[in-house]
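Chemist: Once you've had a glance at the structure underneath, I'll fire off some questions.
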Amino acid sequence: MFAPTSSRVYYVTAKRYTTRLPVHRAISTYEEYDVAIIGGGPAGLALASALGSSQVIQKKLRVVLIDAGDLSKVRNWSPPPGTFSNRVVSLTNSSQTFLREIGAWDHVEASRTSPMEEMQVWDGVSDARLKFSATEIGLDVSEDGMARLTEILNLQRGLLRRLEGFSNIKICDKMKVQTITRDSEERGGWPMVHLESSQVLRARLLVGADGFNSPVRSYAGVPSFGWSYDRQGIVATMVHAPRGAFEGPNTTAYQRFLPTGPIAFLPLSPTISSLVWSNRPHIASALIGSGPDVLANMINAAFRLPEVSLRYLFNRIVEAYSKGNPLSGSEIQREIFWREQSHSVDPNSAFASAMVKTREGVPPVDSQFVPPLVSMIQAGSVASFPLKFNHAESYIGEGIGGRTVLVGDAAHTVHPLAGQGLNMGIGDVESLTRCIHNALIQGGDVGSYTALQPYARERYLANHSLMAAVDKLHKLYTTTSEPVVWARSVGIEILNELDSVKAAIMTVAGAQNSKIHSDMTGWNFAAKGVESFVATAQVAKTLSGGLSGIIDTGLHNLLGRR
(Lines give C-alpha, C1' and ligand atoms only; values in the text may rest on other atoms or scores of the structure.)
Protein backbone atom coordinates (compact mmCIF):
# COMPACT_ATOMS: atom_id res chain seq x y z
CA MET A 1 0.00 0.00 0.00
CA PHE A 2 1.22 3.49 -0.81
CA ALA A 3 1.54 6.04 1.96
CA PRO A 4 1.79 9.77 2.57
CA THR A 5 4.79 12.04 2.42
CA SER A 6 4.59 13.55 5.87
CA SER A 7 1.33 12.66 7.56
CA ARG A 8 0.34 9.49 9.33
CA VAL A 9 -2.08 7.11 7.62
CA TYR A 10 -5.52 7.17 9.19
CA TYR A 11 -8.15 4.46 9.04
CA VAL A 12 -11.78 5.44 9.48
CA THR A 13 -13.97 2.69 10.88
CA ALA A 14 -17.39 3.88 9.84
CA LYS A 15 -19.86 4.62 12.63
CA ARG A 16 -23.24 3.85 11.23
CA TYR A 17 -25.35 6.86 10.29
CA THR A 18 -28.39 4.94 11.47
CA THR A 19 -30.39 3.26 14.15
CA ARG A 20 -32.03 0.04 13.09
CA LEU A 21 -35.79 0.19 13.62
CA PRO A 22 -37.41 -2.79 15.37
CA VAL A 23 -40.15 -4.52 13.43
CA HIS A 24 -42.89 -3.14 15.67
CA ARG A 25 -41.73 0.39 14.94
CA ALA A 26 -41.69 -0.10 11.19
CA ILE A 27 -42.73 3.06 9.39
CA SER A 28 -45.95 2.77 7.43
CA THR A 29 -45.88 6.15 5.67
CA TYR A 30 -43.08 6.57 3.18
CA GLU A 31 -42.35 7.17 -0.49
CA GLU A 32 -40.78 4.24 -2.30
CA TYR A 33 -38.14 4.54 -5.01
CA ASP A 34 -36.01 2.11 -6.91
CA VAL A 35 -32.93 4.34 -6.72
CA ALA A 36 -32.27 7.14 -4.23
CA ILE A 37 -29.23 9.32 -4.91
CA ILE A 38 -27.88 11.36 -1.99
CA GLY A 39 -25.91 14.36 -3.26
CA GLY A 40 -26.57 16.98 -5.94
CA GLY A 41 -22.98 17.58 -6.99
CA PRO A 42 -21.71 16.77 -10.48
CA ALA A 43 -21.47 13.01 -9.85
CA GLY A 44 -24.97 12.71 -8.39
CA LEU A 45 -26.51 14.86 -11.12
CA ALA A 46 -24.65 12.95 -13.84
CA LEU A 47 -25.94 9.66 -12.46
CA ALA A 48 -29.51 10.94 -12.37
CA SER A 49 -29.15 12.21 -15.96
CA ALA A 50 -27.68 8.90 -17.11
CA LEU A 51 -30.50 6.91 -15.47
CA GLY A 52 -33.06 9.24 -17.02
CA SER A 53 -31.57 9.03 -20.51
CA SER A 54 -31.78 5.21 -20.68
CA GLN A 55 -35.06 4.08 -22.23
CA VAL A 56 -34.94 0.78 -20.33
CA ILE A 57 -34.32 2.45 -16.97
CA GLN A 58 -36.81 5.23 -17.69
CA LYS A 59 -39.63 2.72 -18.12
CA LYS A 60 -38.84 0.55 -15.11
CA LEU A 61 -37.29 2.63 -12.31
CA ARG A 62 -38.38 5.55 -10.16
CA VAL A 63 -35.41 7.69 -9.14
CA VAL A 64 -35.06 10.44 -6.55
CA LEU A 65 -32.11 12.78 -5.98
CA ILE A 66 -31.78 14.41 -2.56
CA ASP A 67 -29.59 17.40 -1.73
CA ALA A 68 -29.41 19.71 1.28
CA GLY A 69 -28.63 22.77 -0.85
CA ASP A 70 -30.85 24.98 -2.94
CA LEU A 71 -30.35 23.64 -6.46
CA SER A 72 -32.46 26.44 -7.93
CA LYS A 73 -29.48 28.73 -7.32
CA VAL A 74 -27.38 26.46 -9.53
CA ARG A 75 -30.13 26.10 -12.14
CA ASN A 76 -30.53 29.88 -12.34
CA TRP A 77 -26.82 30.70 -12.03
CA SER A 78 -26.03 33.70 -14.21
CA PRO A 79 -22.64 35.27 -13.46
CA PRO A 80 -21.81 38.83 -14.52
CA PRO A 81 -20.28 39.07 -18.01
CA GLY A 82 -16.53 38.54 -18.07
CA THR A 83 -16.39 36.79 -14.69
CA PHE A 84 -15.77 33.13 -13.92
CA SER A 85 -16.22 30.89 -10.90
CA ASN A 86 -13.05 29.74 -9.12
CA ARG A 87 -14.12 26.07 -9.15
CA VAL A 88 -12.95 24.68 -12.48
CA VAL A 89 -12.72 21.13 -13.79
CA SER A 90 -10.76 19.59 -16.65
CA LEU A 91 -13.02 17.13 -18.46
CA THR A 92 -11.27 14.51 -20.56
CA ASN A 93 -12.66 13.73 -23.99
CA SER A 94 -13.86 10.38 -22.65
CA SER A 95 -15.88 12.18 -19.97
CA GLN A 96 -17.26 14.59 -22.56
CA THR A 97 -18.29 11.69 -24.78
CA PHE A 98 -20.29 10.15 -21.93
CA LEU A 99 -21.95 13.49 -21.15
CA ARG A 100 -22.91 13.80 -24.82
CA GLU A 101 -24.30 10.26 -24.85
CA ILE A 102 -26.66 11.05 -21.97
CA GLY A 103 -27.71 14.34 -23.60
CA ALA A 104 -26.21 16.59 -20.91
CA TRP A 105 -23.42 18.26 -22.86
CA ASP A 106 -25.89 20.13 -25.08
CA HIS A 107 -27.06 22.00 -21.96
CA VAL A 108 -23.55 23.10 -20.92
CA GLU A 109 -22.82 26.66 -22.05
CA ALA A 110 -20.09 26.21 -24.66
CA SER A 111 -18.85 29.82 -24.41
CA ARG A 112 -17.85 29.11 -20.80
CA THR A 113 -15.64 26.18 -21.78
CA SER A 114 -12.13 26.20 -23.22
CA PRO A 115 -10.17 23.48 -25.02
CA MET A 116 -6.79 22.44 -23.66
CA GLU A 117 -4.81 22.11 -26.89
CA GLU A 118 -1.42 21.93 -25.20
CA MET A 119 -0.05 21.15 -21.77
CA GLN A 120 3.39 21.99 -20.40
CA VAL A 121 4.60 20.43 -17.17
CA TRP A 122 8.02 21.05 -15.68
CA ASP A 123 10.23 20.41 -12.68
CA GLY A 124 10.50 23.46 -10.42
CA VAL A 125 14.05 22.53 -9.39
CA SER A 126 15.71 21.25 -12.58
CA ASP A 127 13.35 22.80 -15.18
CA ALA A 128 13.09 19.44 -17.01
CA ARG A 129 10.00 19.88 -19.15
CA LEU A 130 7.33 17.63 -20.62
CA LYS A 131 5.05 18.92 -23.37
CA PHE A 132 1.81 17.36 -24.61
CA SER A 133 0.03 18.67 -27.70
CA ALA A 134 -3.29 17.70 -29.27
CA THR A 135 -1.68 17.76 -32.71
CA GLU A 136 1.00 15.27 -31.61
CA ILE A 137 -1.36 12.61 -30.29
CA GLY A 138 -3.48 12.27 -33.40
CA LEU A 139 -6.83 13.65 -32.26
CA ASP A 140 -9.48 13.69 -34.97
CA VAL A 141 -10.12 17.39 -34.34
CA SER A 142 -7.13 18.89 -32.54
CA GLU A 143 -9.04 22.13 -31.89
CA ASP A 144 -11.22 20.19 -29.45
CA GLY A 145 -8.13 19.71 -27.32
CA MET A 146 -6.94 16.91 -25.05
CA ALA A 147 -9.52 18.02 -22.49
CA ARG A 148 -11.99 20.84 -21.97
CA LEU A 149 -11.97 23.23 -19.04
CA THR A 150 -15.16 24.60 -17.57
CA GLU A 151 -16.61 25.79 -14.30
CA ILE A 152 -18.25 23.14 -12.13
CA LEU A 153 -21.31 25.38 -11.86
CA ASN A 154 -21.62 25.44 -15.65
CA LEU A 155 -21.59 21.64 -15.69
CA GLN A 156 -24.05 21.33 -12.78
CA ARG A 157 -26.43 23.81 -14.38
CA GLY A 158 -26.34 21.86 -17.64
CA LEU A 159 -27.06 18.59 -15.84
CA LEU A 160 -30.00 20.15 -13.97
CA ARG A 161 -31.43 21.47 -17.23
CA ARG A 162 -31.12 18.01 -18.75
CA LEU A 163 -33.02 16.52 -15.81
CA GLU A 164 -36.02 18.79 -16.43
CA GLY A 165 -37.19 16.52 -19.23
CA PHE A 166 -37.44 13.28 -17.23
CA SER A 167 -40.74 12.27 -15.63
CA ASN A 168 -39.20 9.36 -13.70
CA ILE A 169 -36.61 11.54 -11.90
CA LYS A 170 -37.65 13.52 -8.83
CA ILE A 171 -35.38 16.15 -7.27
CA CYS A 172 -35.71 16.89 -3.55
CA ASP A 173 -33.44 19.83 -2.77
CA LYS A 174 -33.25 21.91 0.40
CA MET A 175 -33.76 18.63 2.25
CA LYS A 176 -31.09 17.45 4.64
CA VAL A 177 -30.71 13.78 5.47
CA GLN A 178 -31.33 13.39 9.19
CA THR A 179 -30.61 9.69 9.48
CA ILE A 180 -30.66 6.48 7.49
CA THR A 181 -32.22 3.34 8.93
CA ARG A 182 -32.73 -0.19 7.73
CA ASP A 183 -36.15 -1.64 7.19
CA SER A 184 -37.04 -5.04 8.68
CA GLU A 185 -35.75 -8.27 7.17
CA GLU A 186 -39.32 -9.29 6.39
CA ARG A 187 -39.61 -6.22 4.16
CA GLY A 188 -36.28 -6.78 2.42
CA GLY A 189 -34.01 -4.69 4.63
CA TRP A 190 -34.19 -1.70 2.29
CA PRO A 191 -32.53 1.57 3.36
CA MET A 192 -34.94 4.15 4.78
CA VAL A 193 -33.84 7.77 4.34
CA HIS A 194 -35.26 10.13 6.97
CA LEU A 195 -35.25 13.80 5.98
CA GLU A 196 -35.39 16.81 8.30
CA SER A 197 -38.77 17.61 6.75
CA SER A 198 -40.05 14.39 8.40
CA GLN A 199 -40.39 12.71 5.01
CA VAL A 200 -39.17 9.13 4.74
CA LEU A 201 -37.94 7.59 1.51
CA ARG A 202 -37.53 3.85 1.04
CA ALA A 203 -35.06 2.76 -1.63
CA ARG A 204 -34.23 -0.50 -3.33
CA LEU A 205 -30.77 0.99 -4.00
CA LEU A 206 -29.19 3.87 -2.08
CA VAL A 207 -26.39 5.73 -3.90
CA GLY A 208 -23.89 7.82 -1.97
CA ALA A 209 -22.75 10.75 -4.11
CA ASP A 210 -22.51 12.80 -0.93
CA GLY A 211 -18.85 13.70 -0.73
CA PHE A 212 -15.93 13.10 1.61
CA ASN A 213 -18.02 12.95 4.81
CA SER A 214 -20.54 10.59 3.25
CA PRO A 215 -23.57 9.65 5.42
CA VAL A 216 -24.27 6.79 3.01
CA ARG A 217 -20.76 5.40 3.52
CA SER A 218 -21.30 5.62 7.27
CA TYR A 219 -24.67 3.85 7.03
CA ALA A 220 -23.11 1.11 4.89
CA GLY A 221 -20.39 0.62 7.51
CA VAL A 222 -17.67 0.91 4.86
CA PRO A 223 -14.29 1.90 6.38
CA SER A 224 -11.90 4.19 4.54
CA PHE A 225 -8.19 4.92 4.76
CA GLY A 226 -6.18 7.98 3.88
CA TRP A 227 -4.11 10.89 5.06
CA SER A 228 -3.72 14.63 4.97
CA TYR A 229 -1.07 15.96 2.60
CA ASP A 230 -0.25 18.88 4.90
CA ARG A 231 -0.99 21.05 1.89
CA GLN A 232 -3.62 23.70 1.23
CA GLY A 233 -5.08 24.20 -2.24
CA ILE A 234 -5.46 27.81 -3.36
CA VAL A 235 -7.94 28.54 -6.15
CA ALA A 236 -8.59 31.89 -7.82
CA THR A 237 -9.71 33.42 -11.11
CA MET A 238 -6.87 35.29 -12.82
CA VAL A 239 -7.13 38.19 -15.27
CA HIS A 240 -4.40 38.76 -17.85
CA ALA A 241 -3.78 40.33 -21.25
CA PRO A 242 -4.71 38.28 -24.33
CA ARG A 243 -2.05 36.34 -26.17
CA GLY A 244 -0.50 38.24 -29.06
CA ALA A 245 -1.05 37.49 -32.72
CA PHE A 246 2.29 35.65 -32.88
CA GLU A 247 1.57 33.48 -29.84
CA GLY A 248 -1.66 31.68 -30.67
CA PRO A 249 -4.77 31.42 -28.49
CA ASN A 250 -4.88 31.00 -24.71
CA THR A 251 -5.40 27.23 -24.85
CA THR A 252 -2.22 26.00 -23.15
CA ALA A 253 -2.28 24.71 -19.58
CA TYR A 254 0.89 25.18 -17.52
CA GLN A 255 1.93 23.30 -14.40
CA ARG A 256 5.16 23.71 -12.47
CA PHE A 257 6.06 21.19 -9.76
CA LEU A 258 7.60 23.06 -6.85
CA PRO A 259 8.83 21.36 -3.64
CA THR A 260 6.05 23.17 -1.74
CA GLY A 261 3.46 21.84 -4.21
CA PRO A 262 2.43 22.20 -7.88
CA ILE A 263 0.99 25.40 -9.33
CA ALA A 264 -1.33 25.17 -12.34
CA PHE A 265 -2.55 27.80 -14.82
CA LEU A 266 -5.73 26.66 -16.61
CA PRO A 267 -7.11 28.70 -19.56
CA LEU A 268 -10.80 29.65 -19.57
CA SER A 269 -11.01 32.49 -22.09
CA PRO A 270 -8.60 34.77 -24.01
CA THR A 271 -8.15 36.95 -20.90
CA ILE A 272 -9.23 34.72 -17.99
CA SER A 273 -7.51 31.66 -16.50
CA SER A 274 -7.97 29.61 -13.35
CA LEU A 275 -5.39 29.01 -10.62
CA VAL A 276 -4.91 25.81 -8.64
CA TRP A 277 -1.90 26.11 -6.33
CA SER A 278 -0.94 23.51 -3.74
CA ASN A 279 1.17 24.95 -0.94
CA ARG A 280 2.06 24.46 2.70
CA PRO A 281 -0.74 25.72 4.98
CA HIS A 282 1.26 28.55 6.59
CA ILE A 283 2.45 29.79 3.18
CA ALA A 284 -1.04 29.55 1.70
CA SER A 285 -2.50 31.54 4.62
CA ALA A 286 0.17 34.24 4.25
CA LEU A 287 -0.29 34.49 0.47
CA ILE A 288 -4.05 34.88 0.77
CA GLY A 289 -3.86 37.13 3.84
CA SER A 290 -1.40 39.49 2.17
CA GLY A 291 -3.99 40.47 -0.43
CA PRO A 292 -4.67 39.95 -4.15
CA ASP A 293 -1.79 42.16 -5.37
CA VAL A 294 0.78 40.06 -3.52
CA LEU A 295 -0.87 36.84 -4.71
CA ALA A 296 -0.89 37.99 -8.35
CA ASN A 297 2.80 38.95 -8.22
CA MET A 298 3.71 35.65 -6.58
CA ILE A 299 1.79 33.64 -9.17
CA ASN A 300 3.88 35.29 -11.88
CA ALA A 301 7.06 34.65 -9.92
CA ALA A 302 6.15 31.03 -9.17
CA PHE A 303 6.15 30.20 -12.87
CA ARG A 304 9.41 32.03 -13.55
CA LEU A 305 11.90 32.37 -10.69
CA PRO A 306 14.33 29.63 -9.58
CA GLU A 307 13.15 27.60 -6.58
CA VAL A 308 15.77 29.09 -4.25
CA SER A 309 14.37 32.59 -4.80
CA LEU A 310 10.80 31.42 -4.29
CA ARG A 311 11.88 29.95 -0.96
CA TYR A 312 13.28 33.34 0.04
CA LEU A 313 10.11 35.14 -1.05
CA PHE A 314 7.85 32.70 0.80
CA ASN A 315 9.88 33.28 3.97
CA ARG A 316 9.63 37.05 3.59
CA ILE A 317 5.85 36.92 3.07
CA VAL A 318 5.26 34.51 5.97
CA GLU A 319 7.48 36.49 8.34
CA ALA A 320 5.78 39.81 7.56
CA TYR A 321 2.31 38.28 7.74
CA SER A 322 2.98 36.55 11.06
CA LYS A 323 4.05 39.88 12.57
CA GLY A 324 0.78 41.48 11.53
CA ASN A 325 2.41 43.71 8.92
CA PRO A 326 1.93 41.93 5.57
CA LEU A 327 3.93 43.04 2.54
CA SER A 328 2.19 45.25 0.00
CA GLY A 329 2.03 44.57 -3.72
CA SER A 330 4.74 47.14 -4.45
CA GLU A 331 7.00 45.73 -1.74
CA ILE A 332 6.83 42.16 -3.06
CA GLN A 333 7.28 43.51 -6.58
CA ARG A 334 10.58 45.12 -5.54
CA GLU A 335 11.67 41.89 -3.87
CA ILE A 336 10.92 39.93 -7.04
CA PHE A 337 12.76 42.49 -9.17
CA TRP A 338 15.82 42.18 -6.95
CA ARG A 339 15.70 38.36 -7.26
CA GLU A 340 15.41 38.63 -11.04
CA GLN A 341 18.47 40.84 -11.15
CA SER A 342 20.41 38.44 -8.93
CA HIS A 343 19.67 35.66 -11.42
CA SER A 344 20.51 37.89 -14.40
CA VAL A 345 17.02 37.56 -15.88
CA ASP A 346 16.81 39.54 -19.12
CA PRO A 347 14.17 42.28 -18.60
CA ASN A 348 12.99 41.62 -22.17
CA SER A 349 12.52 37.92 -21.46
CA ALA A 350 9.16 36.31 -20.75
CA PHE A 351 10.71 35.18 -17.46
CA ALA A 352 10.82 38.77 -16.21
CA SER A 353 7.64 39.77 -14.38
CA ALA A 354 8.32 42.29 -11.62
CA MET A 355 8.37 45.55 -13.58
CA VAL A 356 6.52 44.39 -16.69
CA LYS A 357 2.96 45.68 -17.08
CA THR A 358 1.91 44.62 -20.58
CA ARG A 359 3.74 43.38 -23.63
CA GLU A 360 2.80 44.61 -27.08
CA GLY A 361 4.08 43.82 -30.55
CA VAL A 362 6.41 40.89 -31.15
CA PRO A 363 6.51 38.68 -28.03
CA PRO A 364 9.76 37.51 -26.43
CA VAL A 365 11.20 34.42 -28.08
CA ASP A 366 10.64 32.41 -24.88
CA SER A 367 7.01 33.47 -24.34
CA GLN A 368 5.66 29.98 -25.07
CA PHE A 369 7.42 28.56 -22.00
CA VAL A 370 5.41 30.47 -19.40
CA PRO A 371 1.77 31.56 -19.03
CA PRO A 372 0.60 35.15 -19.59
CA LEU A 373 1.41 37.64 -16.84
CA VAL A 374 -1.41 37.93 -14.32
CA SER A 375 -2.52 41.55 -14.00
CA MET A 376 -5.13 41.08 -11.28
CA ILE A 377 -7.20 38.57 -9.34
CA GLN A 378 -10.95 38.61 -9.88
CA ALA A 379 -12.59 40.07 -6.78
CA GLY A 380 -13.94 37.50 -4.35
CA SER A 381 -12.51 34.53 -6.25
CA VAL A 382 -9.71 33.50 -3.87
CA ALA A 383 -10.43 30.43 -1.73
CA SER A 384 -8.52 27.55 -0.17
CA PHE A 385 -9.15 24.02 1.03
CA PRO A 386 -7.10 21.23 2.68
CA LEU A 387 -5.76 18.48 0.42
CA LYS A 388 -6.43 14.90 1.42
CA PHE A 389 -6.18 11.35 0.21
CA ASN A 390 -9.08 9.07 1.07
CA HIS A 391 -10.26 5.77 -0.36
CA ALA A 392 -13.17 3.64 0.79
CA GLU A 393 -12.26 0.00 1.33
CA SER A 394 -15.27 -1.04 -0.73
CA TYR A 395 -17.68 0.70 -3.10
CA ILE A 396 -20.69 -1.43 -2.17
CA GLY A 397 -22.24 -2.18 1.22
CA GLU A 398 -22.84 -5.68 2.55
CA GLY A 399 -24.95 -7.27 5.25
CA ILE A 400 -26.93 -4.74 7.28
CA GLY A 401 -25.34 -1.99 5.16
CA GLY A 402 -26.41 -3.65 1.93
CA ARG A 403 -28.24 -2.11 -1.03
CA THR A 404 -25.78 0.78 -1.00
CA VAL A 405 -23.16 1.94 -3.48
CA LEU A 406 -20.64 4.81 -3.48
CA VAL A 407 -19.60 7.07 -6.37
CA GLY A 408 -17.36 10.12 -6.72
CA ASP A 409 -15.86 11.76 -3.64
CA ALA A 410 -17.89 9.51 -1.34
CA ALA A 411 -15.72 6.65 -2.62
CA HIS A 412 -12.40 8.43 -3.26
CA THR A 413 -10.66 11.77 -2.73
CA VAL A 414 -7.44 12.48 -4.62
CA HIS A 415 -4.83 15.26 -4.85
CA PRO A 416 -5.89 17.75 -7.58
CA LEU A 417 -2.47 17.85 -9.29
CA ALA A 418 -3.68 15.65 -12.18
CA GLY A 419 -7.15 17.18 -12.47
CA GLN A 420 -8.72 13.72 -12.50
CA GLY A 421 -11.08 13.80 -9.49
CA LEU A 422 -14.33 14.51 -11.34
CA ASN A 423 -13.30 12.36 -14.30
CA MET A 424 -13.00 9.45 -11.87
CA GLY A 425 -16.50 10.24 -10.62
CA ILE A 426 -17.92 10.33 -14.15
CA GLY A 427 -16.22 7.00 -14.81
CA ASP A 428 -17.98 5.65 -11.72
CA VAL A 429 -21.33 6.94 -12.97
CA GLU A 430 -20.90 5.43 -16.42
CA SER A 431 -19.98 2.03 -14.97
CA LEU A 432 -22.79 2.03 -12.38
CA THR A 433 -25.38 3.03 -14.99
CA ARG A 434 -24.26 0.12 -17.14
CA CYS A 435 -24.60 -2.29 -14.18
CA ILE A 436 -28.13 -1.08 -13.39
CA HIS A 437 -29.09 -1.34 -17.05
CA ASN A 438 -27.71 -4.90 -17.30
CA ALA A 439 -29.50 -5.96 -14.12
CA LEU A 440 -32.81 -4.78 -15.54
CA ILE A 441 -32.22 -6.50 -18.88
CA GLN A 442 -31.48 -9.77 -17.05
CA GLY A 443 -34.47 -9.39 -14.73
CA GLY A 444 -32.28 -8.89 -11.66
CA ASP A 445 -32.57 -6.77 -8.52
CA VAL A 446 -30.70 -3.49 -9.07
CA GLY A 447 -29.91 -3.20 -5.35
CA SER A 448 -28.47 -6.69 -4.93
CA TYR A 449 -24.82 -7.34 -4.25
CA THR A 450 -24.66 -9.53 -7.36
CA ALA A 451 -25.93 -6.73 -9.60
CA LEU A 452 -23.48 -4.18 -8.14
CA GLN A 453 -20.38 -6.37 -7.99
CA PRO A 454 -19.29 -5.72 -11.64
CA TYR A 455 -19.22 -1.99 -10.84
CA ALA A 456 -16.92 -2.49 -7.86
CA ARG A 457 -14.65 -4.83 -9.80
CA GLU A 458 -14.34 -2.43 -12.71
CA ARG A 459 -13.89 0.83 -10.85
CA TYR A 460 -11.94 0.02 -7.71
CA LEU A 461 -8.72 -1.09 -9.39
CA ALA A 462 -8.91 1.65 -12.02
CA ASN A 463 -9.36 4.35 -9.37
CA HIS A 464 -6.76 2.85 -7.05
CA SER A 465 -4.17 2.85 -9.85
CA LEU A 466 -4.86 6.50 -10.62
CA MET A 467 -4.70 7.48 -6.96
CA ALA A 468 -1.44 5.60 -6.51
CA ALA A 469 0.08 7.40 -9.48
CA VAL A 470 -0.99 10.84 -8.27
CA ASP A 471 0.22 10.13 -4.74
CA LYS A 472 3.61 8.99 -6.01
CA LEU A 473 3.96 12.03 -8.26
CA HIS A 474 3.23 14.27 -5.27
CA LYS A 475 5.91 12.55 -3.20
CA LEU A 476 8.40 12.45 -6.04
CA TYR A 477 8.23 16.20 -6.63
CA THR A 478 8.19 17.43 -3.03
CA THR A 479 11.83 16.49 -2.49
CA THR A 480 14.89 18.55 -3.37
CA SER A 481 17.31 15.64 -2.88
CA GLU A 482 19.84 16.00 -5.70
CA PRO A 483 19.98 12.31 -6.72
CA VAL A 484 16.17 12.08 -6.87
CA VAL A 485 15.90 15.38 -8.78
CA TRP A 486 18.48 14.07 -11.24
CA ALA A 487 16.68 10.77 -11.73
CA ARG A 488 13.22 12.27 -12.27
CA SER A 489 14.62 14.93 -14.61
CA VAL A 490 16.40 12.40 -16.80
CA GLY A 491 13.20 10.39 -17.01
CA ILE A 492 11.13 13.42 -18.01
CA GLU A 493 13.63 14.59 -20.63
CA ILE A 494 13.77 11.15 -22.22
CA LEU A 495 9.99 10.82 -22.19
CA ASN A 496 9.58 14.25 -23.81
CA GLU A 497 11.49 13.01 -26.85
CA LEU A 498 9.30 9.94 -27.31
CA ASP A 499 6.23 11.26 -29.12
CA SER A 500 4.70 7.81 -29.60
CA VAL A 501 4.88 7.09 -25.87
CA LYS A 502 3.38 10.50 -25.03
CA ALA A 503 0.57 9.82 -27.49
CA ALA A 504 -0.08 6.44 -25.86
CA ILE A 505 -0.22 8.00 -22.39
CA MET A 506 -2.69 10.67 -23.45
CA THR A 507 -4.82 8.19 -25.41
CA VAL A 508 -5.33 5.87 -22.46
CA ALA A 509 -5.67 8.87 -20.11
CA GLY A 510 -8.88 9.87 -21.85
CA ALA A 511 -7.71 12.40 -24.44
CA GLN A 512 -9.13 10.18 -27.18
CA ASN A 513 -12.86 9.53 -27.41
CA SER A 514 -12.39 5.81 -27.84
CA LYS A 515 -13.47 3.55 -25.00
CA ILE A 516 -10.51 2.11 -23.12
CA HIS A 517 -10.58 -1.14 -21.22
CA SER A 518 -10.92 -0.50 -17.50
CA ASP A 519 -7.49 -1.85 -16.60
CA MET A 520 -5.77 0.38 -19.17
CA THR A 521 -6.37 3.78 -17.64
CA GLY A 522 -3.76 6.38 -18.42
CA TRP A 523 -2.95 6.79 -14.76
CA ASN A 524 -2.36 3.06 -14.36
CA PHE A 525 0.22 3.59 -17.08
CA ALA A 526 1.48 6.67 -15.26
CA ALA A 527 1.79 4.76 -11.99
CA LYS A 528 4.09 2.29 -13.67
CA GLY A 529 5.94 5.21 -15.25
CA VAL A 530 6.59 6.81 -11.89
CA GLU A 531 7.82 3.51 -10.50
CA SER A 532 10.14 3.21 -13.48
CA PHE A 533 12.10 6.19 -12.17
CA VAL A 534 13.63 3.69 -9.80
CA ALA A 535 15.02 1.87 -12.80
CA THR A 536 16.95 5.01 -13.72
CA ALA A 537 19.33 4.00 -10.96
CA GLN A 538 20.43 1.10 -13.14
CA VAL A 539 21.46 3.55 -15.85
CA ALA A 540 23.29 5.60 -13.26
CA LYS A 541 25.18 2.48 -12.18
CA THR A 542 26.76 2.31 -15.59
CA LEU A 543 27.38 6.05 -15.80
CA SER A 544 28.59 6.92 -12.35
CA GLY A 545 29.11 3.91 -10.13
CA GLY A 546 28.19 4.75 -6.54
CA LEU A 547 25.52 7.30 -7.50
CA SER A 548 23.27 4.37 -8.38
CA GLY A 549 22.97 3.24 -4.80
CA ILE A 550 22.15 6.72 -3.57
CA ILE A 551 19.37 7.20 -6.14
CA ASP A 552 18.01 3.71 -5.71
CA THR A 553 17.83 4.00 -1.92
CA GLY A 554 16.43 7.53 -2.05
CA LEU A 555 13.64 6.67 -4.48
CA HIS A 556 12.60 3.52 -2.67
CA ASN A 557 12.50 5.36 0.65
CA LEU A 558 10.58 8.27 -0.85
CA LEU A 559 7.91 6.24 -2.65
CA GLY A 560 7.53 3.57 -0.01
CA ARG A 561 7.69 5.34 3.32
CA ARG A 562 4.80 5.35 5.78
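Chemist: Taking residue 221 as the residue in question, decide whether it is touching a Gly at 6+ places or on another chain (Cβ under 9 Å), surrounded by fewer than 24 Cβ atoms within 10 Å (Cβ to Cβ) and closer than 30 Å to residue 191 by Cβ.
Modeler: yes
Chemist: What do you reckon, is residue 85 of a type in the set (Ser, Thr, Tyr), more than 30 Å from residue 490 (Cα to Cα) and over 19 Å from the mean Cα position of the chain (by Cα)?
Modeler: no
Chemist: What's the total number of residues in the stretch 175-192 that are in a strand (DSSP E or B) and either within 15 Å of residue 398 (Cβ to Cβ) or open to solvent by less than 50 Å² (accessible area, probe 1.4 Å) (or both)?
Modeler: The qualifying residues number 7.
Chemist: Now for a different question. Give the residues of the stretch 196-218 that are surrounded by 17 or more Cβ atoms within 10 Å (Cβ to Cβ) and over 19 Å from residue 446 (Cα atoms), sorted by residue number.
Modeler: 200, 210, 211, 214, 215, 218
Chemist: Given the criterion over 21 Å from residue 124 (Cα atoms) and in contact (Cβ under 8 Å) with a residue 24 or more places away in the chain, identify the matching residue among 280, 217, 231.
Modeler: 217
Chemist: Considering only residues that are open to solvent by less than 30 Å² (accessible area, probe 1.4 Å), in contact with a strand residue (DSSP E or B) (Cβ under 9 Å, 6 or more places away or on another chain) and touching a residue at least 40 places away in the same chain (Cβ under 8 Å), which ones fall in the stretch 122-137?
Modeler: Within the stretch 122-137, 122, 123, 124, 128, 130, 132, 134 qualify.
Chemist: When the residues of the stretch 234-250 are narrowed to those that are open to solvent by less than 20 Å² (accessible area, probe 1.4 Å) and touching a Pro at 6+ places or on another chain (Cβ under 6 Å), which ends up nearest to residue 297 (Cα to Cα)?
Modeler: Checking each candidate, the answer is 240.
Chemist: Now, a different point. Can residue 165 be described as in contact with a helix residue (DSSP H, G or I) (Cβ under 9 Å, 6 or more places away or on another chain), in contact (Cβ under 8 Å) with a residue 12 or more places away in the chain and open to solvent by less than 10 Å² (accessible area, probe 1.4 Å)?
Modeler: No, not satisfied.
Chemist: In the stretch 88-113, what residues are among the small types (Gly, Ala, Ser) and either open to solvent by 10 Å² or more (accessible area, probe 1.4 Å) or more than 19 Å from the chain's Cα centre (by Cα) (or both)?
Modeler: 90, 94, 103, 104, 110, 111
Chemist: Would you be able to say whether some residue in the stretch 158-168 is of a type in the set (A, V, I, L, M) and over 18 Å from residue 33 (Cα atoms)?
Modeler: Scanning the stretch 158-168, I find at least one residue that is of a type in the set (A, V, I, L, M) and over 18 Å from residue 33 (Cα atoms), so the answer is yes.
The values are calculated or read from the model by the stated rules, or taken from the named source; none is laboratory data. Given the structure is predicted, the values throughout are model-derived calculations rather than measurements. Quick reminder, even Gly has a Cβ in these numbers, built from the backbone with ideal geometry, and neighbours come from all protein chains shown. Each accessible area value is taken on the protein alone, full model and side chains, heavy atoms only, with ligands, DNA and RNA left out. Shrake-Rupley method; radii C 1.70, N 1.55, O 1.52, S 1.80 Å.
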